[in-house]
Each structure stands twice: as structure tokens, then as C-alpha cells.
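Quick notes on the structure that follows.
The values are calculated or read from the model by the stated rules, or taken from the named source; none is laboratory data. Just so we're clear, the structure is a prediction, and the values are computed from it rather than from any experiment. With ideal geometry, Cβ positions are generated from the backbone for all residues, glycine too; neighbour counts draw on all protein chains shown.
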Amino acid sequence: MEWILNLTVLGIFIPTFFFVSIPPGMCMTLALTMGMSIGLRRTLWLMLGELIGVGLVAGASGLGVAAVLLQYPALFEVLRYGGGAYLAYVGVQLW
């Protein structure tokens with residue numbers, strides 16, 4: 001019976017994730033802009049990185065990472081501050 005529930009949840013999750021991912025957003029705009037300015041071949045690396053990122057997010061949410069983070073708020077804080085520090089580091093390097 002448990003696997004039926006999992007298939008039901010998966011049947012809802014996949015179309016929802018698909019329709020949320022389809023509309024163009026900032027990543028699509030960035031890829032379009034870079035493709036027009038520096039060419040498709042050099043933009044493919046950006047597009048590959050974006051696909052890997054979306055795949056990681058989909059996989060993590062499918063595995064229930066949100067439920068784990070709700071159970072362990074300290075882990076959420078570590079990831080939050082670690083991610084913020086990494087973004088600050090990247091920002092300083094780009095500057």
C-alpha cells in the first residue's frame with residue numbers, strides 16, 4: 001500500500017515540477033543574452049550548469065530534504081549561513 005502512495009505523490013510531483021520549470025525566468029534570460037553576445041558554444045557551459053542545478057533541486061525535493069530540514073532546524077541554519085557565505089565569497093571574487 002505504501003508504494004501506491006509514493007506513486008501517487010510522484011504522479012503529482014512530476015507534472016507540477018514540469019509546469020513550474022517551463023516558464024522562462026532569469027536563467028533563460030541569461031542564457032539568451034549570453035548566447036546572443038558571446039555565442040552558443042560558450043553559452044552551453046552555462047546551460048549545462050543550470051540543468052545540473054535544476055536536477056539537483058528536483059532530486060533533493062524528491063528525496064524529502066525539506067522534511068529533514070524541518071526536523072533538524074540547526075542543520076537548516078548551517079546550510080543557510082553556509083550558502084550565504086558562499087554567495088558573498090562569489091560576489092567578492094566577481095567584484
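A count restricted to segment 58-81 and to residues that are at negative phi and modelled with pLDDT under 85 stands at 12.
The single residue among ALA31, ALA58 that is in contact (Cβ under 8 Å) with a residue 12 or more places away in the chain, surrounded by 11 or more Cβ atoms within 10 Å (Cβ to Cβ) and in contact with an Asp or Glu (Cβ under 8 Å, 6 or more places away or on another chain) turns out to be ALA31.
For the criterion of being surrounded by 10 or more Cβ atoms within 10 Å (Cβ to Cβ) and part of a helix (DSSP H, G or I), GLY91 fails. Has segment 73-84 got any residue that is free of Cβ contacts under 8 Å to residues at least 12 places away in the same chain, surrounded by 10 or more Cβ atoms within 10 Å (Cβ to Cβ), under 28 Å from LEU32 (Cβ atoms) and not assigned by TED's automatic domain parsing to the domain that holds THR33? For segment 73-84, residues free of Cβ contacts under 8 Å to residues at least 12 places away in the same chain, surrounded by 10 or more Cβ atoms within 10 Å (Cβ to Cβ), under 28 Å from LEU32 (Cβ atoms) and not assigned by TED's automatic domain parsing to the domain that holds THR33: present.
Give me the residue from segment 1-11 that is among the β-branched types (Val, Ile, Thr) and surrounded by 10 or more Cβ atoms within 10 Å (Cβ to Cβ) and, out of that set, modelled with the highest pLDDT. That would be THR8. Put simply, of GLY55, GLY35, GLY49, GLY62 the only residue that is farther than 22 Å from PHE17 by Cβ, of a type outside the set (S, T, N, Q) and assigned to a helix (DSSP H, G or I) is GLY35.
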